[in-house]
Amino acid sequence: MRKTLAVLALLVAAILTQAAGRAQAPGAPRLLVILVIDQMRADYVDKYGHQWTRGLRRLVDEGAWFRTAAYPYMNTVTCAGHATIATGALPYAHGVILNDWWDRDAGRSVPCTQDPDFPYISYARPLRGGASPRFLRLPTLADELRSQSPIRPRVASLAMKDRSAIMMGGRRPDVVAWYNMTAGGLVTSSFYGPSPTPFVQDYTARHPVEADFGRTWTRAMPADRYLFDDDASGETPPAPWTASFPHVVQAFPGGKPQLPYELWRETPFEDAYLLGLVRATIDALRLGSGPGTDLLAVSFSALDHIGHDFGPWSHEVQDALFHLDGIVGELLGLLDRAAGRDGYVLSFTSDHGITPIPEVAARSGIESGYIAPAEVEAKAQAALAAALGPGKYVAKVTHTNVYFAPGVSAKLKEHPAALRSAIESIATLPGILRVVDGATLGLATAPSSPLLKAAALSYDPIRSGDLILMPRPYWVIKGEDITTHGTANAADARIPLILFGRGIKRGEHFQSASPADIAPTLAFLAGVTMSSPDGRILQEALAAPPSRESSRRAGGQ
């Protein structure tokens with residue numbers, strides 16, 4: 001009897017072992033990693049790469065680097081970028097056109113992650129409101145991996161912005177967490193579960209953000225290793241900082257209570273904090289150690305906050321990248337130990353670039369400047385009032401989108417000359433290259449101009465504006481920041497794209513590529529199918545090119 005039981009036990013063990021072996025496609029990695037550095041221009045690698053010696057350097061030297069990668073659409077902003085990376089689709093399809101847009105029915109702006117039906121769960125101070133991926137119309141790579149894997153993969157999405165973590169995490173991850181300045185720490189949403197994640201709660205308790213208050217951010221390299229000027233024209237750091245190092249994370253007499261939290265997120269300390277959370281997550285979930293293929297998505301954002309205030313040629317941006325080089329080096333070390341050096345594949349990219357500060361560009365004789373939304377609205381209002389009589393015609397100007405007031409679009413169909421007058425009036429403003437009637441941007445019309453095609457790929461008939469503005473290069477839409485992004489111009493659209501790890505051969509590639517190619521490529525390597533990607537499999541980077549049949553499968557065709 002004992003002998004029979006022993007034989008049965010061996011048979012059961014063999015069956016379980018076989019099942020575990022079939023939990024992932026043959027040759028599939030144990031871990032997929034999506035690494036995003038917010039607001040990293042493509043040319044940072046060429047300009048500042050000589051300052052790197054660790055993680056970023058390892059990715060450039062050992063990975064498959066797509067030198068001409070760029071977003072093909074116009075609205076190059078954080079929420080749209082992360083949604084594109086996660087789904088392999090473009091904004092016209094996944095629906096996330098901007099960080100926020102005007103809701104015509106509600107008569108207000110709607111952030112891309114806002115969802116009052118799912119309240120925040122804060123690991124720090126209480127926080128009102130709620131969030132979810134409700135506006136994302138397509139499944140993410142995480143969703144497809146979760147639904148198609150025979151053994152449940154472990155999925156984590158970690159970032160310092162809600163729109164980064166939520167877009168990459170999909171709908172059923174194990175953990176999603178991000179930093180919120182009002183809460184003064186990490187938060188998540190009840191969309192992902194009714195209670196806090198214990199190990200995130202523990203990490204927050206052991207590593208409060210306030211522990212960094214009083215620290216000073218100084219140069220990590222000798223001053224002569226930095227390019228350009230430290231205190232360039234136009235830099236506008238938050239008070240009490242000046243435009244030169246050092247920068248102290250501190251309260252300011254008479255200042256707002258949340259100021260230290262705001263300053264903290266504009267330093268490399270923020271990125272180091274996120275790395276600590278990544279380490280805790282890898283350990284708690286044992287990412288990369290199971291029989292299937294897990295997914296880890298990470299988005300670092302300090303560079304974005306710094307770039308908006310100091311500009312891309314600043315010493316602060318260079319120093320943040322130097323720190324990120326070390327942080328990415330530590331991340332790669334964590335992945336090497338968790339999944340084995342040949343057990344994971346990593347994609348590295350950014351959600352958008354950044355336009356230089358107009359004052360800095362002007363010093364070099366480049367035509368540059370600011371486009372004021374109030375002036376755009378005034379031009380449109382005056383032209384339409386002259387043609388149609390007194391009235392309120394513009395509801396909102398949000399970034400490159402002009403939204404008409406209720407009923408105006410219908411009226412303009414009967415008065416096309418009034419619409420042309422508004423378009424021509426706005427186009428007289430300095431910095432405006434072109435103004436387009438949004439209704440003409442459907443992809444079915446197959447725009448011949450690359451700029452019109454980029455606008456069409458960002459256009460959604462419900463969420464986009466009635467008129468679309470196209471800024472000239474080096475002109476930015478004026479907002480709270482001294483410089484920004486969000487256009488189809490190369491400064492905003494070109495970003496790094498590198499694949500690294502299992503099944504990837506090192507080298508430089510000059511074929512057309514975009515971050516929309518990441519999800520289809522990782523899906524192919526994991527043996528799953530993306531539903532309807534616009535991106536392609538980057539087969540040039542694969543050690544073994546995919547077969548025709550497997551390419552169709554991963555591409556959802």
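The values are calculated or read from the model by the stated rules, or taken from the named source; none is laboratory data. Quick caveat: nothing in here was measured; it's all calculated off a predicted structure. With ideal geometry, Cβ positions are generated from the backbone for all residues, glycine too; neighbour counts draw on all protein chains shown.
Points worth noting:
- Evaluation of residue 330 against (1) under 30 Å from residue 150 (Cβ atoms); (2) modelled with pLDDT of 95 or more; (3) surrounded by fewer than 22 Cβ atoms within 10 Å (Cβ to Cβ) (one fails), failing number: (1)
- Within segment 274-299, the set of residues being among the aliphatic types (A, V, I, L, M) and not in a loop (DSSP other than H, G, I, E, B) comprises 274, 275, 277, 278, 280, 282, 284, 285, 295, 296, 297, 298.
- Flag for residue 169 being surrounded by 18 or more Cβ atoms within 10 Å (Cβ to Cβ) and within 19 Å of residue 87 (Cα to Cα): yes
- Residue ID - nearest to residue 184 (Cα to Cα), chosen from residues in segment 245-273 that are over 27 Å from the mean Cα position of the chain (by Cα), modelled with pLDDT of 95 or more and part of a loop (DSSP other than H, G, I, E, B): 246
- Set 67, 30: member being farther than 29 Å from residue 205 by Cα, of a type in the set (D, E, K, R) and crowded, with 19+ Cβ neighbours inside 10 Å: 30
- Qualifying positions in segment 291-301 - small (Gly, Ala, Ser), modelled with pLDDT of 95 or more and more than 9 Å from residue 37 (Cβ to Cβ): 297
- Qualifying residue in segment 452-473 (condition: surrounded by fewer than 22 Cβ atoms within 10 Å (Cβ to Cβ), of a type in the set (A, V, I, L, M), part of a loop (DSSP other than H, G, I, E, B) and at pLDDT below 95): no
- Criterion (among the β-branched types (Val, Ile, Thr) and loosely packed, with under 14 Cβ neighbours inside 10 Å) met by exactly one of 242, 204: 242
- Some residue of segment 415-428 being in a loop (DSSP other than H, G, I, E, B), touching a residue at least 60 places away in the same chain (Cβ under 8 Å) and surrounded by fewer than 21 Cβ atoms within 10 Å (Cβ to Cβ): no
- Residue match in segment 294-314 (condition: assigned by TED's automatic domain parsing to the domain that holds residue 188, among the acidic types (Asp, Glu), crowded, with 24+ Cβ neighbours inside 10 Å and in contact (Cβ under 8 Å) with a residue 24 or more places away in the chain): yes
- Candidates 350, 364 - the one that is farther than 27 Å from residue 181 by Cβ and not aliphatic (A, V, I, L, M): 364
Residue by residue, here is whether (1) of a type outside the set (Val, Ile, Thr); (2) touching a Pro at 6+ places or on another chain (Cβ under 7 Å) holds:
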| site | (1), (2) |
| --- | --- |
| 155 | no, yes |
| 163 | yes, no |
| 178 | yes, no |
| 182 | no, no |
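- The lone exception for residue 197 - which of (1) surrounded by 15 or more Cβ atoms within 10 Å (Cβ to Cβ); (2) without any contact (Cβ under 8 Å) to a residue 60 or more places away in the chain; (3) touching a helix residue (DSSP H, G or I) at 6+ places or on another chain (Cβ under 8 Å) it fails: (3)
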